[in-house]
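Visitor: Input: one structure, supplied below.
Read-outs: derived from the displayed coordinates by stated rules, not from any lab. Please read all numbers here as calculations on a predicted model, not as lab measurements. Glycine also receives a Cβ, built like all others from the backbone with ideal geometry; neighbour counts cover every protein chain displayed.
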Amino acid sequence: MAAIDKMQKRLGVESIDLLLLHQQVGDYMGAWQDCEKAVRQGKVRTIGLSNFESERLEEVCEAAEIKPAVLQVECHPYFQQGELKKRLAPYGTVIEAWYPIGHGDTELIGEPVFAELAEKYGKTNVQVILRWHIQEGNIIFPKSTNPRHIKDNFDIFDFALTDDEMAEIRKVDKGVRFFNMTLKQQEAQFTSWELDD
């Protein structure tokens, strides 16, 4: 709870909109209970998980009194997370896409299906990808410091992809991650953070 209080103070807010338990290491069950406690105390509105793709996902969800609203993981057309979505469905948890455009991968963005749909709808390839995410039910936070890109990222609600177009995009799934950290690596990173404190 001390970390949540410290975060709240640092942000200068009465209530945090969304708090994510970032790693599945250390006393993650105790940390989740603290997240739930923070919700009950009004310090946090919504809680979720990040990087929980092992069996620890079900461990937390089954024990949780407040189910995670979101699970933040890498998700983009080359890594669509279909199986993970099935695992999340019983809990009502949705994916918050990290790397929603594959970390700006030019091969992914340049896929012919995105170019064709961009031309059809008068959009950019990236806008088509972001629209695909929305229609898939993913939450997205595309990052940009470019004012034009920021505007474009919002300009995706005046068109909709057809079921057939969604099916075509599902075919580009390669099961390819751009970032991969094993549970052992996460634990080692967590230990190094503890030593730095």
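Visitor: Fewest to most neighbouring Cβ within 10 Å: what's the order for Thr124, Thr106?
Guide: On the way: Thr124 18, Thr106 7.
Lowest to highest Cβ neighbour count: Thr106, Thr124.
Visitor: Let me check against my output: what whole-number percent is the relative contact order of the chain, with C-alpha pairs under 8 Å and at least 6 apart? Please list the in-between numbers first.
Guide: Numbers: 246 pairs, mean separation 36.8, N = 197.
Value for the chain: 19 percent.
Visitor: Counting each pair of different Cα atoms once, what's the Kirkwood radius of the chain in Å, rounded to one decimal? Spell out each step's value before the answer.
Guide: On the way: mean 1/r = 0.0545 Å⁻¹.
Hydrodynamic radius (Kirkwood, Cα pairs) of the chain is 18.4 Å.
Visitor: Test of understanding: in a Gaussian network model of the chain with alpha carbons linked when under 10 Å, which of Ala115, Ala64, Ala89 would top the mean-square fluctuation ranking?
Guide: Looking only at Ala115, Ala64, Ala89, the largest GNM fluctuation is found for Ala89.
Visitor: What does the extension gain come out to for Arg87 and Leu11, with contour length at 0.36 nm per residue minus their alpha carbon separation? Please report the intermediate quantities before stating the final value.
Guide: Details: separation 76, 0.36 × 76 = 27.36 nm, distance 3.31 nm.
Additional length available on full extension: 24.0 nm.
Visitor: For the stretch 106-162, just say rounded, prolate or oblate: build the C-alpha gyration tensor, square-root its eigenvalues into a ≥ b ≥ c, call rounded for a/c under 1.5, and beyond that prolate if a/b exceeds b/c, oblate if not.
Guide: On the way: a/c = 1.41, a/b = 1.19, b/c = 1.19.
Rounded, because the longest to shortest axis ratio a/c is under 1.5.
Visitor: Within 10 Å of each residue's Cβ, count the other Cβ atoms and sort Phe178, Phe52 from fewest upward. Kindly include the intermediate steps, with their values, before the conclusion.
Guide: Numbers: Phe178 15, Phe52 27.
With the sparsest Cβ surroundings first, the list reads Phe178, Phe52.
Visitor: Which of Val70, Val13 comes first, and how do the rest follow, when ranked by fewest Cβ neighbours within 10 Å? Kindly include the intermediate steps, with their values, before the conclusion.
Guide: Numbers: Val70 20, Val13 11.
Least to most surrounded, the residues fall as Val13, Val70.
Visitor: Where in the stretch 139-166 does the amide nitrogen come within less than 12 Å of the point 7 Å from the Cα of Glu116, taken along Cα to Cβ?
Guide: Taking a point 7 Å out along Cα→Cβ of Glu116, the residues of the stretch 139-166 whose backbone N falls under 12 Å are 164-166.
Visitor: Still on this structure, please answer the following. Identify which of Leu11, Leu161, Leu108 has the largest mean-square fluctuation in a Gaussian network model of the chain, with springs joining Cα atoms closer than 10 Å.
Guide: Its mean-square fluctuation being the largest, the pick is Leu11.
Visitor: With the chain treated as a Gaussian network of Cα nodes joined by springs under 10 Å, which of Glu165, Glu136, Glu83 yields the largest mean-square fluctuation?
Guide: Judging by the Gaussian network model, the answer is Glu83.
Visitor: Please list, by residue number, everything in the stretch 50-74 whose backbone N is under 20 Å from a paramagnetic label point 7 Å out along Cα→Cβ of Asp173.
Guide: Those under the cut-off are 51-55, 57-58, 70-74.
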